[in-house]
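Undergrad: Below you will find the structure I want to go over with you.
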Amino acid sequence: MSIKGKTVITCAITGSIHTPTMTPHLPITPDEIASEAIAAAEAGAAILHLHARDPETGKPDQTPEAFARFLPRIKQGTNAAVNITTGGSPYMTVEERVRPAAEFKPEVASLNMGSMNFGLFPLLDKYKEFKHEWERQHLEGTRDMVFRNSFKDIEYVLETCYENNTRFEFECYDISHLYNLKHFADRGLVKPPFFIQSVFGILGGIGAHPEDVIHMKRTADRLFGSDYRWSVLGAGAAQLRVAAQAAAMGGNVRVGLEDSIWAGRGVLAKSNADQVKMARKIIEGLGLEVATPDEAREILSLKGGDQVAF
């Protein structure tokens, strides 16, 4: 779905999956999140997907106050489009999750398109000791937890944010989520072009096999035709493999320490910018060009950085 050979790179800076024990390079403080975001944009990311963290413990923090500590600095430091999560953490209510996007009116907000199991507990086999007790609870809790994104929840986020002219990164973790998006499109509650972020490799969602990637795109093509822009993220070790396949198929890509802490087999990524540079090398090696922030705005019909509330 590249426009004139332009490929949009999104970088998800910190997320709510990985914890401080897993890597010393995970941005936690407002200073770290801001500097990592700006560096990722300088490396070629046109969109910055943002979560907030407690600066002492690294625990996900979805309060507007937490986002206010770094959003203005990112806006001042880069022209990249800002994407504020409404996914937050699976342990939060939809009302908690949507507050930052509602208050700051970003160009883009993420929106998960269905309820699902979201299994992180297998990581307990790898990490035995933790810096903070919440980390163990965070992982273990996903053994018996459903990440709720009901039709009512999705409607609530749409109603809250669309009046701000915020567009959405529709996060689709499985084929059913594409059909859920089609349902909202048929009702006229979402407008094209749809920015579909296909998520591969989360336990509880679709896998990261090449056939899964093809199946997701084929289904989106059938449901949405030319009305969507396709992007992918591969979780963990699948990150760059999925990105390479999708870029070769004309898709856009998302990288970042939210989705993977790796920069190769057994090698921790030292920064988000490292992953952006690796993705950029793949894209340019395919004879494509990386989209600038303003080109990404044109591709996705974004309102512009001068119309946000931060």
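Undergrad: Return the pairs, sorted by first residue and then second, in which the second residue is surrounded by 13 or more Cβ atoms within 10 Å (Cβ to Cβ), the first residue lies in region 124-141 and is among the acidic types (D, E), the beta carbons are less than 6 Å apart, and the residues are 6+ apart or on different chains.
TA: Matching pairs, first to second residue: E135/T19; E135/T21; E140/F121.
Undergrad: Give the number of residues within region 267-302 that are under 19 Å from the mean Cα position of the chain (by Cα), surrounded by 15 or more Cβ atoms within 10 Å (Cβ to Cβ) and part of a loop (DSSP other than H, G, I, E, B).
TA: Count: 5.
Undergrad: Determine whether region 78-87 contains at least one residue that is more than 20 Å from S231 (Cβ to Cβ) and in contact (Cβ under 8 Å) with a residue 12 or more places away in the chain.
TA: So far as region 78-87 goes, no, none of its residues is more than 20 Å from S231 (Cβ to Cβ) and in contact (Cβ under 8 Å) with a residue 12 or more places away in the chain.
Undergrad: Would you be able to tell me the number of residues in region 157-210 that are in a loop (DSSP other than H, G, I, E, B) and over 22 Å from L302 (Cβ atoms)? Steps first, please.
TA: We begin by selecting, within region 157-210, every residue in a loop (DSSP other than H, G, I, E, B); these are 165-166, 173-174, 187-193, 201-202, 204, 206-209.
Of the ones still in play, those that are also over 22 Å from L302 (Cβ atoms) are 173-174, 187, 201-202, 204, 206-209.
The number of residues fulfilling the criteria is 10.
Undergrad: While we're here: Kindly list the number of the only condition in (1) surrounded by fewer than 16 Cβ atoms within 10 Å (Cβ to Cβ); (2) modelled with pLDDT of 95 or more; (3) of a type outside the set (A, V, I, L, M) that fails for E163.
TA: The single condition E163 does not satisfy is (2).
Undergrad: Sticking with this structure for a sec: Considering (1) out of contact with any helix residue (DSSP H, G or I) (no Cβ under 7 Å at 6 or more places or on another chain); (2) crowded, with 24+ Cβ neighbours inside 10 Å, say which one L257 fails and leave the rest.
TA: So L257 meets the others, but not (1).
Undergrad: Pick out the one residue from N164, N180 that is of a type in the set (S, T, N, Q) and in contact with a Gly (Cβ under 7 Å, 6 or more places away or on another chain).
TA: Within the list N164, N180, the selection yields N180.
Undergrad: Would you be able to tell me the number of residues in region 103-149 that are outside any strand (DSSP E or B), farther than 30 Å from G304 by Cα and not acidic (D, E)?
TA: 23
Undergrad: Taking strands (runs of 3 or more DSSP E) that do not extend beyond region 1-102, which have at least 3 residues that are surrounded by fewer than 20 Cβ atoms within 10 Å (Cβ to Cβ) and under 17 Å from the mean Cα position of the chain (by Cα)? Break it down into steps so the answer makes sense when it comes.
TA: Details: elements: 9-12, 47-50, 81-84.
Of the strands (runs of 3 or more DSSP E) lying wholly inside region 1-102, none has at least 3 residues that are surrounded by fewer than 20 Cβ atoms within 10 Å (Cβ to Cβ) and under 17 Å from the mean Cα position of the chain (by Cα).
The values are calculated or read from the model by the stated rules, or taken from the named source; none is laboratory data. Note that the structure is predicted; figures quoted are calculated from it, not measured. Because the Cβ atoms are built from the backbone with ideal geometry, glycine has one as well, and the counts that use them run over all protein chains shown.
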